[in-house]
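The values are calculated or read from the model by the stated rules, or taken from the named source; none is laboratory data. Predicted model only: the values in this text are computed from it and were never measured. When we count neighbours, we look across all protein chains shown, and the Cβ atoms used for this are built from the backbone with ideal geometry, even at glycine.
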Amino acid sequence: MLSEEEKKEIDQELSHSPTRQAVVIEALKIIQRHRRWVSDDSLKDLAEYLEMSLDALDSVATFYSLIFRREVGEHVILICDSVSCWIMGYDTVLDHLKKKLGIDLGETTADGKFTLLTIPCLGVCERAPAMIIDRETYGDLTPERIDEIIDKLK
Amino acid sequence: MVTIYIDDKSYEVEKGQNLLQAVLSLGLNLPYFCWHPALGSVGACRQCAVIQYRDEDDKEGNLIMACMQPVQDGMRISIEAAAARKFRASIIEWLMVNHPHDCPVCDEGGECHLQDMTVMTGHNYRKFRFKKRTHRNQYLGPFINHEMNRCIACYRCVRFYRDYAGGKDLQDMASHDYVYFGRSEEGILQSEFSGNLVEVCPTGVFTDKTLKKHYTRKWDLQSAPSVCHHCSLGCNTLVGERYNKAVRILNRYNRRVNGYFMCDRGRFGYEFTNSNKRIRKPIFEGKVEDFDRDSAAAKTSELLKDRSKVIGIGSPRASLEANFALKSMVGEHNFYSGLSARENKLARKILSILRNGPARPASLHDVETADAVFVLGEDLTNTAPMLDLAVKQAIRNKPIDDIQQIHIDRWNDAAIREYLQDEKGPFYLATPSWTKLDEFAAKTYRAAPDDIARLGYAVAHALDESSPAVEGLPDEIKTMAEEIAGALKNARQPVLISGMSMRSEAVIEAAANVARALCRDDRKADIVYTLPECNSMGTAFLGGYDLEKAFEDVENGTADTVIILESDLYRHADKTQVDKFLEKCANLIVVDYLKNRTSEGASAILPAAAFAEGDGTLINNEGRVQRFFQALNPDPILQESWRWIRDIMIKLDDKKAEKWKALDDISDAVLNSLEGINPKIEIAPSANFRINEQKIPRAPMRYSGRTAMYADKSVHEPKPPDDPDSPLSFSMEGFAGPRPSSLISFFWAPGWNSVQSVARYQQEVAGELKGGDPGVRLIEPGDHAKPEYFKTIPDAFKPRQDEFYFVPLYHIFGSEELSNEAEAVSELVPDAYLALNKRSAEKTGVSSRDKVKVSIKDGQISLPVKIMNSLPDNIAGIPVGLPGMNYFELPAFGKIAK
Amino acid sequence: MEKPLTKNIDPERGPLDIRGYERAGGYAGFKKALREMSPQKVQEEVTDANLRGRGGAGFGTGMKWSFVPMGDEAPRTKYLIANADEMEPGTFKDRILMEGDPHLLIEGMIISSYAIQARAAYIFLRWAYKRSEELLRKAIAEAYEAGYLGKNILGSGYDLEMYIHVSAGRYMCGEETGLLNALEGKRATPRAKPPFPQTSGLWGKPSIVQNVETLCNVPGIIVNGADWYKKLSKTGDGGTKIYGVSGRVKRPGAWELPMGTTVREILEEHAGGMRDGYKFKGLLPGGASTDFLVEEHLDTPMDFGSIMKVGSRMGTGTMIILDDKTCPVAMLVNLEKFFAQESCGWCTPCRDGLPWTHKMLMAIENGEGRMEDLEQLELHCNFLGPGRTFCALAPGAVEPLQSALKYFRDDFEKHIKDKQCPWRK
Ligand SMILES: Cc1cc2nc3c(=O)[nH]c(=O)nc-3n(C[C@H](O)[C@H](O)[C@H](O)COP(=O)(O)O)c2cc1C
Ligand code: SF4
Ligand code: FES
């Protein structure tokens, strides 16, 4: 079941959208904001709420890289793996993150706190290497800075 | 016409098409994947690349996709240019990057468009040396097998399933080289047209699960042209045979009828021919006998020798020849059509309306090209499935016509869909309950059959004041009638669709009135009526008494011996009546291919050939006579019903029958007997037709099984069986060149082993077959000066205290007799139920799944309740024909008790 | 030197609110357009200014607008969309504009919408730009408050609604027709052209998609006129340009400079030259989907025509520097992985060709390459080029590859011959 709040937010989107289909991406993001990820069950509930087929919804959900169809941790670390960050030391930063969290890319820490994923260029190439956690961008990363950031979130 | 230059040769081609279409119509080879003649172009696969030159001096040229390029006068292109060839070979190489190359174990092998195109491009050796990406497959139900690793991402499946056929549960998932075509979760595909994926998919991702049960290479199938036996539309099919079994059905292109597609009932229903309910040996007094034909006929004739009170009951699912033979045997005055009084009346009414015109009976193709549709009383998806698909195309026509000003070519499929979004042309739908087409309709009307008829009458009156006016119509219905009338009037080609499924004469007449009112002032309108069975229209042509009269005859002793032809009377009349009738018959002789309740206590049962095992002629709902041919050679004791009747007649010394040596003889006799029909029409070439003195082969030249076929018994090649009934041979020998369209037993052309080769049989891509589309229309009404209107407007539906009005409901899988016995189809047949809306259920004090007792007239049955909120108050729905259901004469009032 | 795009930007102070923006001369162009100019006149001014699209392709903005059906016969609903997806690797200029001066974009959008008589305007914003989203939402609210958006703007009878759509990721969303599909809530696969968005765009209605920076140029053109605008530039392409530099330079960043400033000036004066210990080896002039330039090209003016002449594209004007301590093959592994992953999966060459190039490059980088791979890579460069694939993603993807094969061929061959990467210990 969608929560009242989720429904309210979706309705808000529907109110100014010319078509039902057009709110699909926003609605998926709303679900994700409330539940971290879009489970099969959430997707079914949403399909019902939007009166569209589950399959049509999943067709869209699985296309976009920032809609998580697998469970993720409390904080999703998205580390930029594109060219400028790569030149500026992505490998070192990634290694440090992996070691610090004890997980590999695509994994979630045992306590469910962190999931580590890559993301294409974050548009902060002048502060490469960079990552984004909970929609907060962090640039000029070094192992020390990473420790600082992660420790704060722990 | 415009002139284009292909590799420096000039060609005249039709304007308005794309270059790929033009090239294929010219008979040239150009590979493609994502394009499909019925689905249009999207330019995704990049396989159809050619070089276009600016002018004669341009030696470089530009690489373009032929499918996305409109033909233009003077355009110069090259298919052969090295750059184009190399690019096309690269496309195959890319498609092969993740393709498993599992041709030896793939069901598609030998009929695979990907194989064909690979050979055509000349790509041989793959340089890719890394790991392939793999996918998981899904269970998609009893019809379709899924093998995603073979996918080449041409997007045709979703474009057919979703965009063309309106399905929702097959989608493109994920992105980049992970794209996946399937469902969100595995499960049974919900579209009634899913089987077309088998032909639409250019490789072995979606294959026929029923064929897979009899694994065979495609080139080892013998096939014959046939006509679908599972509804009245008469889609053209190809029956594939292996080891004397029907193992699959493919669509047989006929532009005027089913075009490129067919429904799942038609494709998978054939499995009834392999059912264990088949009658495979003669049965006398319940005992299976090892007789040959002669002794079986002799023994049966004995039952008739001393009898004078013999009557024959024909069947709407039996061929014209079979019905005619029976009629000849028992005499016109002892012949019964096999239909109840109501059914007879409705079928004959439809025939007379079509014959009288002025509205033309529309073919499926005509419906597809219509630009306004009004349906009265039919749940098309379930009563005449291919009309559902045709209507889904028709509703796009008006908006597409309207956008021609912005110059988007009709074949530019994605562009048109993006421009139109959800815009639909006028389509109105009046039925008692929800149908799958509702979501496409501009308006729907939910009402009892009489009220549906009243809406029709009102629309007719709004179109022509001289047609009878409906009294006491609520304002909102009046407004709706005016809206519908307006939409139909503004259309260039409006079509009315109705039929027998509501079993209401008023609905049928109302539809005729609308069509007639439209045909005024030089306007034209088309009309379609659906009938229940594949030869219901043939039955209407042939005549015959009502079943009820047969019951009376036996009851009062004017008849005591009954011959029943391919029919289960329990599907046409009330159970107690039939029980009584059968009990009272002194002698019951049944000629049929499936056991049923009717034949249970018969004195004699003769094993008839089912459609795949025999030939015959049917008339479809449009009045098109079509021939179906035998695909396999069954055990010699099985023969066409007409032959059994003939043999018995001969034993009884009936001289007429001696002339019926082969199909042609009796076919001619049938045509001669039909009033108002030119007996000279040629339905298909006669049995002695030859090309270069050769027969036409049923097996392809690629057939490999000639000597190994019966290797368990002998390696000597057996002599192919004779076929006295058609110019088709049971072998690969024969004339390999172009054949008459009605004798196409498989589509094949050099380099084109898949069904895509159909283009080589057409006069132009998506056009008529060479030599004309098969089938002959019997009904072509001329222009009538002043159409007569029907005047019997029914009263508005009045509910009765403590009673319900029962209307029939239909299921594509479940309501039709033959396909119910098909293994795969039977998995999808629902259990019987009684449908009520929530309010009605509450009023009656019942809820979902409660068992209730339904009594309609004398008949009673106990059914679980199903809540169907689209039904109006006081109306209950009864599914027709489901296993375990009895027959009720509907619509009718009746009672529901807990 | 005039900096019409960034004059209000002060990272210390933060962006101006609507009052501050107006005090600094903002919304003057908007008022002038609505009060004094017809939509046609606005279009003409922009055409005369020779404003070329800053999203990468450099198509003439006025020209693009001229294909939108105008007048009474035209559909009543039309759309303007600001392309703020900015997912081109190495590109960060639009973010600077949106974070620095959100009202400038909004003003540009209102004027442009007015010019084509759009009913609604959308900002298609990438998800990572949270700060931009917050600032733009605030700025839009202020503009509504001031009566610059909504019904009957400034009593002109012109109505305009403005919305933000935050993307759910995918580079293809930046391609203008993929963007339209994404806005419609569909998969961001591209659409066939023709018909162009100008006639059949968002929901099938005439639509214009324009890069953020392009739109930010419009207010200045309207206030000061086409001639002023052309004079800002050092070359034929009008105006100023936000140039950016990332990689191992002393001061990575972005600067508004006259269009046509040379590569060398940007690199050496503004970015401060290479970091100590690193030497310049090559650069991608405008994002990941442009061809490499090398030493000999450093004096080329950065404008659309000049960069084209030396075999690359100005693209987004934000350059990525390859230094001598970075392996060019490894850099290409990174680039092609990005493109392969971001392919939408619609057309064959891109969907199946790019992953193959990535795999070959990886093999070469890991010392498992073969000489034939180079041929095969070249074939891909050719067959994934313009017109061969459905949209411009794949042609962009092979630009760095084809030029790397030209300029750094020795490095590729050395990898293959030595069976290892010379840059790895
Ligand atoms: C794969 C791909 C991604 C693109 N991404 C962007 C983008 O993020 N931002 C942008 O403005 N243009 C992008 N473009 C260019 C747009 O398609 C379009 O040309 C541009 O938004 C037009 O704006 P302009 O004329 O103002 O440059 C992209 C193009 C392609 C092929
Ligand atoms: S080039 Fe083809 S597959 Fe690649 S992004 Fe464009 S359309 Fe999609
Ligand atoms: S058939 Fe032309 S691109 Fe697919």
C:Gly305: touching a residue at least 60 places away in the same chain (Cβ under 8 Å), within 16 Å of ligand 3 (Cβ to nearest atom) and not charged (D, E, K, R), yes or no?
no
Any pair with Cβ under 7 angstrom, 6 or more apart, that starts in segment B:38-62 at a residue that is acidic (Asp, Glu) and ends at one that is within 16 Å of ligand 2 (Cβ to nearest atom):
none
Verdict on C:Arg370 being in contact with a Gly (Cβ under 6 Å, 6 or more places away or on another chain) and among the basic types (Lys, Arg):
no
What's the number of the only condition in (1) within 9 Å of chain B (Cβ to nearest Cβ); (2) away from ligand 2 (no atom under 16 Å from the Cβ); (3) buried (at least 24 other Cβ atoms within 10 Å of the Cβ) that C:Leu379 fails to meet?
(3)
In segment B:114-156, which residues are over 29 Å from C:Met360 (Cα atoms) and more than 14 Å from chain C (Cβ to nearest Cβ)?
B:Gln138, B:Tyr139, B:Leu140, B:Gly141, B:Pro142, B:Phe143, B:Ile144, B:Asn145, B:His146
In segment C:335-344, the residues that are away from ligand 1 (no atom under 13 Å from the Cβ) and either in the same structural domain as C:Met87 (by TED's automatic domain parsing) or touching a Ser or Thr at 6+ places or on another chain (Cβ under 7 Å) (or both):
C:Glu336
Of the residues B:Val590, B:Val562, B:Val578, only one is surrounded by fewer than 23 Cβ atoms within 10 Å (Cβ to Cβ) and either assigned to a strand (DSSP E or B) or of a type in the set (A, V, I, L, M, F, W, C) (or both); which?
B:Val578
For segment A:92-128, give me the residue count where each residue is more than 9 Å from chain C (Cβ to nearest Cβ), assigned to a helix (DSSP H, G or I) and basic (Lys, Arg).
3
For the subset of segment B:709-744 comprising residues that are closer than 18 Å to B:Glu682 by Cβ and in contact with a strand residue (DSSP E or B) (Cβ under 7 Å, 6 or more places away or on another chain), which member is surrounded by the most Cβ atoms within 10 Å (Cβ to Cβ)?
B:Leu728
Kindly provide the set of residues from segment C:338-367 that are among the acidic types (Asp, Glu), in contact (Cβ under 8 Å) with a residue 40 or more places away in the chain and within 7 Å of another protein chain (Cβ to nearest Cβ), ordered by number.
C:Glu342
Return the residue satisfying two criteria in turn: it lies in segment C:150-185 and is in a helix (DSSP H, G or I) and away from chain A (no Cβ under 13 Å), and of such residues it is farthest from ligand 3 (Cβ to nearest atom).
C:Gly155
On the basis of being touching a Ser or Thr at 6+ places or on another chain (Cβ under 8 Å), within 14 Å of chain C (Cβ to nearest Cβ) and at pLDDT below 95, does B:Gln421 make the cut?
yes
The residue that is nearest to the chain's Cα centre (by Cα), considering only those in segment A:129-141 that are part of a loop (DSSP other than H, G, I, E, B) and without any contact (Cβ under 8 Å) to a residue 24 or more places away in the chain, is A:Arg135
If I filter segment A:66-91 down to residues being surrounded by fewer than 21 Cβ atoms within 10 Å (Cβ to Cβ) and among the small types (Gly, Ala, Ser), which single residue comes out as farthest from the other protein chains (Cβ to nearest Cβ)?
A:Gly73
Can you name every residue in segment B:353-380 that is of a type in the set (S, T, N, Q) and either within 19 Å of B:Gly425 (Cα to Cα) or surrounded by fewer than 24 Cβ atoms within 10 Å (Cβ to Cβ) (or both)?
B:Asn356, B:Thr369
Test each condition in (1) in contact with a Pro (Cβ under 6 Å, 6 or more places away or on another chain); (2) outside the structural domain of A:Pro129 (by TED's automatic domain parsing) for A:Ala56 and report the one that comes out false.
(1)
Residue by residue through segment C:305-337, note down the ones that are away from every other protein chain (no Cβ under 14 Å) and surrounded by fewer than 24 Cβ atoms within 10 Å (Cβ to Cβ).
C:Gly305, C:Ser306, C:Met308, C:Lys309, C:Val310, C:Gly311, C:Ser312, C:Arg313
Only residues that are touching a Gly at 6+ places or on another chain (Cβ under 7 Å) and under 18 Å from C:Val218 (Cβ atoms): list them for segment C:57-90, please.
C:Phe59, C:Thr61, C:Tyr79, C:Asn83
Just one of B:Ser466, B:Ser504 is of a type in the set (Ser, Thr, Tyr) and modelled with pLDDT of 95 or more; which is it?
B:Ser504
Please count how many residues of segment C:54-82 are within 30 Å of C:Met308 (Cα to Cα), more than 16 Å from ligand 2 (Cβ to nearest atom), in contact (Cβ under 8 Å) with a residue 24 or more places away in the chain and of a type outside the set (Lys, Arg).
8
Does B:Met75 count as within 14 Å of chain C (Cβ to nearest Cβ), among the aliphatic types (A, V, I, L, M) and away from ligand 1 (no atom under 16 Å from the Cβ)?
no
Of those in segment A:35-51 that are assigned to a helix (DSSP H, G or I) and hydroxyl-bearing (Ser, Thr, Tyr), the residue surrounded by the fewest Cβ atoms within 10 Å (Cβ to Cβ) is A:Tyr49
I want to confirm something. Restricting to segment B:9-32 and keeping residues that are more than 16 Å from ligand 3 (Cβ to nearest atom) and in contact with a Lys or Arg (Cβ under 9 Å, 6 or more places away or on another chain), which single residue is nearest to the other protein chains (Cβ to nearest Cβ)?
B:Gly16
